[in-house]
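In what follows, a structure is listed as structure tokens, so that the remarks can point back to it.
The values are calculated or read from the model by the stated rules, or taken from the named source; none is laboratory data. Here the structure is a predicted model, which is why all the values come from computation and not from measurement. In this analysis, Cβ positions are derived from the backbone assuming ideal geometry, glycine residues included, and neighbour counts consider all displayed protein chains. Just so you know, the surface numbers come from the protein's heavy atoms only, side chains and all, with ligands and any DNA or RNA stripped out. Shrake-Rupley method; radii C 1.70, N 1.55, O 1.52, S 1.80 Å.
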Amino acid sequence: MNQVISSTEVRKNWSEVIDTVVRKKPVFIKRNRDVLTFLSLEQLDIILDFFVLNMNIYLEEDGSYTASIDEIDLAGNARTQDEVIELICDDLIEYADEYMENFDLYYHSSNRKSHFPYIYKVIAHESDRDKIKTIFNIRIEDNVDA
């Protein structure tokens, strides 16, 4: 059985195609030479599940906390660990929006292309901060100099 359907067939059976994607399986669609995929959010979550951002949190001498992300050049400082996590989450959402607004530039930049799976994961759950926070693998360091 061929897993790729034509865009004409999709157009004729739009509701059926959506039902298939949501209830059964992803669909591959071909239009001329282009092939794309149509996934449910649940299916996308499974694909992107292994993409986590390593957040390092450091206690500063003044008692504040600094957090940085290994995979994406994001860093911030706040009074508490919870506040710095929220700050990085806000910055990540802002960066994801900027990335998508400038997709052609960012996706084709050698130093930003690898950000795409993380960005897509954030965009997919932009209205659910708790879900976005699951992207972080948090490591807490007690001493900056250690």
Quiz item: Between Gln43 and Thr8, what is the FRET efficiency for a Förster distance of 22 Å, r being their Cβ-Cβ separation, to the nearest 0.05?
Solution: 0.40
Quiz item: Along the Cα-to-Cβ line of Val35, 7 Å from the Cα, sits a label point; which residues in segment 7-26 have backbone N less than 19 Å from it?
Solution: 7-11, 21, 25-26
Exercise. Heavy atoms only, probe 1.4 Å: what % of the accessible area of the chain goes to carbon and sulfur, would you let me know?
Key: 49
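For segment 1-141, what mean projected area does the convex hull of the alpha carbons give, in nm²? Provide the component values of the computation, followed by the final result.
Details: hull surface 42.3 nm².
That works out to 10.6 nm², a quarter of the Cα hull's surface.
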Quiz item: In segment 1-139, what is the count of Lys pairs whose alpha carbons are under 25 Å apart, counting only pairs at least 8 residues apart or on separate chains?
Solution: 14
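Could you tell me the calculated FRET efficiency between Val52 and Asn111, based on Cβ-Cβ distance and R0 = 22 angstrom, to the nearest 0.05?
On the way: r = 20 Å, r/R0 = 0.90.
E(calc), rounded to 0.05, equals 0.65.
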Quiz item: If segment 96-146 were replaced by its equivalent ellipsoid, with semi-axes equal to the square roots of 5 times the Cα gyration tensor eigenvalues, what would those be, largest first, whole Å?
Solution: 25, 17, 8
